[in-house]
Amino acid sequence: MKNHSHPYTLALLCSILVCSPVFAADKSIGVGAKPIRGADVIIDGSRHMLDTVWTYWEGPGFAASLPIKWKIVEDPVDKGTVISTDDPAAAGGKYGAADIVTKKPYRDFRLHIEFLVTKPGGNSGVYLQNRYEIQIVDGEKTKHGMGAVINETESPYHTYKGLGQWNAYDIVFRAARFKDGKLVEKPLVTMYFNGQKVHTNQSISQVWGGPNSGIDGGNDGGKGITDSPAGLKLQAEGHDVRYRNAWIKELELEKPNTDF
């Protein structure tokens, strides 16, 4: 039997199914993404990894004590265990009291991290280089809202799956560049939220939130960024936000481009 498919039909099918990049189908992006080659797993739901990879950030609002009091809890959706931000030292929304940070510092990197908000208004945050917050807060759609590069972009709230569901941030970050001690290139970030690209080469002007927010937050009102790598930080603010399946790979991004 002859194949009567028109060559243009085949070409179109190729362009849709094969030739075009369909990032939502990329196994390294979105909920359940597997670590890419060379990446370090930093959250696997175990107490051992929490204590080995992370420590508290001892900023000006620090009020906790080691060992880390974040809880290992059951995954409310899938099997296994995950970590919860519900640290007693941060009860009542004590800002900067019990945040955790990776012991290893990073400059440029590719990050994957998954989070689940358990209750309305649940609040946490992913701090790139312990400086620049990618916001996690249920119900907030402003520049201080879910998925925003805080105070730098609008919230891509439409990509949020909602309470009780796992969500994923996939990020490439390039640190600020300095020459003779002066800032010459702002930090840049590109991010996918649940497989959809929501920020592309977004520059970041400063550290927001004051000295309790992270490194350099108290320098010149957050504009005094310094030239140093730093760990990835996760925020505890008296809520039960859960994290799982986090991995990070160091990069060397010579050009000011984070698009992927």
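The values are calculated or read from the model by the stated rules, or taken from the named source; none is laboratory data. Predicted model only: the values in this text are computed from it and were never measured. As a convention, Cβ positions derive from the backbone with ideal geometry for all residues, glycine included, and neighbour counts pool all protein chains shown. Side chains are part of the model used for accessible areas, which takes the heavy atoms of the whole protein and leaves out ligands, DNA and RNA. Shrake-Rupley method; radii C 1.70, N 1.55, O 1.52, S 1.80 Å.
See the values below:
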quantity: Yes/no for GLY210 being at pLDDT 95 or above and of a type in the set (Gly, Ala, Ser); calculated: yes
quantity: From LYS197, LYS161, residue being in a strand (DSSP E or B), among the basic types (Lys, Arg) and open to solvent by 40 Å² or more (accessible area, probe 1.4 Å); calculated: LYS197
quantity: Checklist (1) closer than 22 Å to LYS27 by Cα; (2) open to solvent by less than 30 Å² (accessible area, probe 1.4 Å) applied to ALA148, failing item; calculated: (1)
quantity: Flag for ASP216 being under 13 Å from TYR132 (Cβ atoms) and either open to solvent by less than 10 Å² (accessible area, probe 1.4 Å) or touching a residue at least 24 places away in the same chain (Cβ under 8 Å) (or both); calculated: yes
quantity: Residue count, the stretch 107-133 (criterion: open to solvent by 10 Å² or more (accessible area, probe 1.4 Å), outside any loop (DSSP other than H, G, I, E, B) and touching an Asp or Glu at 6+ places or on another chain (Cβ under 7 Å)); calculated: 1
quantity: Residue match in the stretch 241-257 (condition: at pLDDT below 95 and either open to solvent by 30 Å² or more (accessible area, probe 1.4 Å) or in a strand (DSSP E or B) (or both)); calculated: no
quantity: Scope the stretch 164-182; condition assigned to a loop (DSSP other than H, G, I, E, B), open to solvent by 60 Å² or more (accessible area, probe 1.4 Å) and not small (Gly, Ala, Ser); matching residues; calculated: GLN165, ASP180
quantity: Candidate set: the stretch 38-79, residues that are of a type in the set (A, V, I, L, M, F, W, C) and free of Cβ contacts under 8 Å to residues at least 12 places away in the same chain; chosen: the one least open to solvent (accessible area, probe 1.4 Å); calculated: MET49
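Here is a yes/no grid of residues against (1) open to solvent by 20 Å² or more (accessible area, probe 1.4 Å); (2) in a strand (DSSP E or B); (3) touching a residue at least 40 places away in the same chain (Cβ under 8 Å); (4) of a type in the set (Asp, Glu):
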| residue | (1), (2), (3), (4) |
| --- | --- |
| VAL184 | yes, yes, no, no |
| THR190 | no, yes, yes, no |
| ASN212 | yes, no, yes, no |
| ALA236 | no, no, yes, no |
